[in-house]
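Contents: one structure, followed by commentary.
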Amino acid sequence: MARPVKLYNHAVAPNPRRVRIFAAEKGIELSLEEVDILAGQSRTPEFLSESVAICRYLEGLYPEPNLLGRDLREQAEIERWNRRMELELFAAIGRTIQNTSPIFQGRYKQFPDYGEAQRTVVHQRLERMDRELNGHQFVAGDRFTIADITALVAIDIGGRLADIKIAPELAYLTRWYELVSSRPSANA
């Protein structure tokens, strides 16, 4: 039996959660070491690895079930959708939180108007996601991938820290969210 993979973790932060879900989907046991990111403990050289890079490493060690693409074409397609979820959804939610949440007061100069403008961007992206999910079970096609994990952790942290909710009329997005959040790995 392989020994557990050590992950520096923060219980509510989205990036460690992305790795925890990814590992859970693969059945990889993680040994979690808590790091207080709000106190700046993660701003040292030991913690500079990036969550998707960690996922790529885990995919190399444990290729099944595959979450990053089985061949070059599928890898490119999953990468395209994961980048869209990161740049168009996750990043906008992060800017909303950073500029509107009390958690970041005094830590960063907040620009509440900018944060609210980003909230509008998030809602527009969620509407577009709803249209994109018409005819697809998952973000990058017909199977669960890292793109779904990225979108799930983004939406969940947005709901928790910025009161960002999926509008009830977004039926395809609601169906997707219920599907992915009911997976056992979503509780990792």
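The values are calculated or read from the model by the stated rules, or taken from the named source; none is laboratory data. What you see is a predicted model; the values in this text were computed from it and never measured. Ideal geometry is used to build each Cβ from the backbone, glycine not excepted, and the neighbour counts take in all protein chains shown. Calculation scope for accessible area: heavy atoms of the full protein, side chains included, ligands and nucleic acids excluded. Shrake-Rupley method; radii C 1.70, N 1.55, O 1.52, S 1.80 Å.
Values for this structure:
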read-out	value
Some residue of the stretch 108-124 being modelled with pLDDT under 95 and assigned to a helix (DSSP H, G or I)	no
Helices (runs of 4 or more DSSP H) completely within the stretch 1-107 that count 2 or more residues being open to solvent by less than 70 Å² (accessible area, probe 1.4 Å), over 24 Å from residue 117 (Cα atoms) and not acidic (Asp, Glu)	14-26, 51-61, 72-84
Some residue of the stretch 118-125 being closer than 17 Å to residue 154 by Cα, in contact with a helix residue (DSSP H, G or I) (Cβ under 8 Å, 6 or more places away or on another chain) and open to solvent by 80 Å² or more (accessible area, probe 1.4 Å)	no
Residue within the stretch 173-183 that is closer than 18 Å to residue 82 by Cα, open to solvent by less than 70 Å² (accessible area, probe 1.4 Å), of a type in the set (Lys, Arg) and touching a residue at least 12 places away in the same chain (Cβ under 8 Å) present	no
Yes/no for residue 167 being out of contact with any Phe, Trp or Tyr (no Cβ under 9 Å at 6 or more places or on another chain) and in a helix (DSSP H, G or I)	no
Subset of the stretch 132-150 [under 12 Å from residue 84 (Cα atoms), in a loop (DSSP other than H, G, I, E, B) and in contact (Cβ under 8 Å) with a residue 60 or more places away in the chain]	140
Residue in the stretch 158-165 that is within 24 Å of residue 25 (Cβ to Cβ) and either in contact (Cβ under 8 Å) with a residue 60 or more places away in the chain or crowded, with 20+ Cβ neighbours inside 10 Å (or both) present	yes
Residue 148 closer than 23 Å to residue 28 by Cβ and in contact with a strand residue (DSSP E or B) (Cβ under 6 Å, 6 or more places away or on another chain)	yes
Only listed residue being of a type outside the set (Phe, Trp, Tyr), touching a strand residue (DSSP E or B) at 6+ places or on another chain (Cβ under 6 Å) and under 30 Å from residue 106 (Cβ atoms), chosen from 48, 38, 7	7
Residue count for the stretch 126-149, restricted to those that are buried (at least 19 other Cβ atoms within 10 Å of the Cβ) and acidic (Asp, Glu)	2
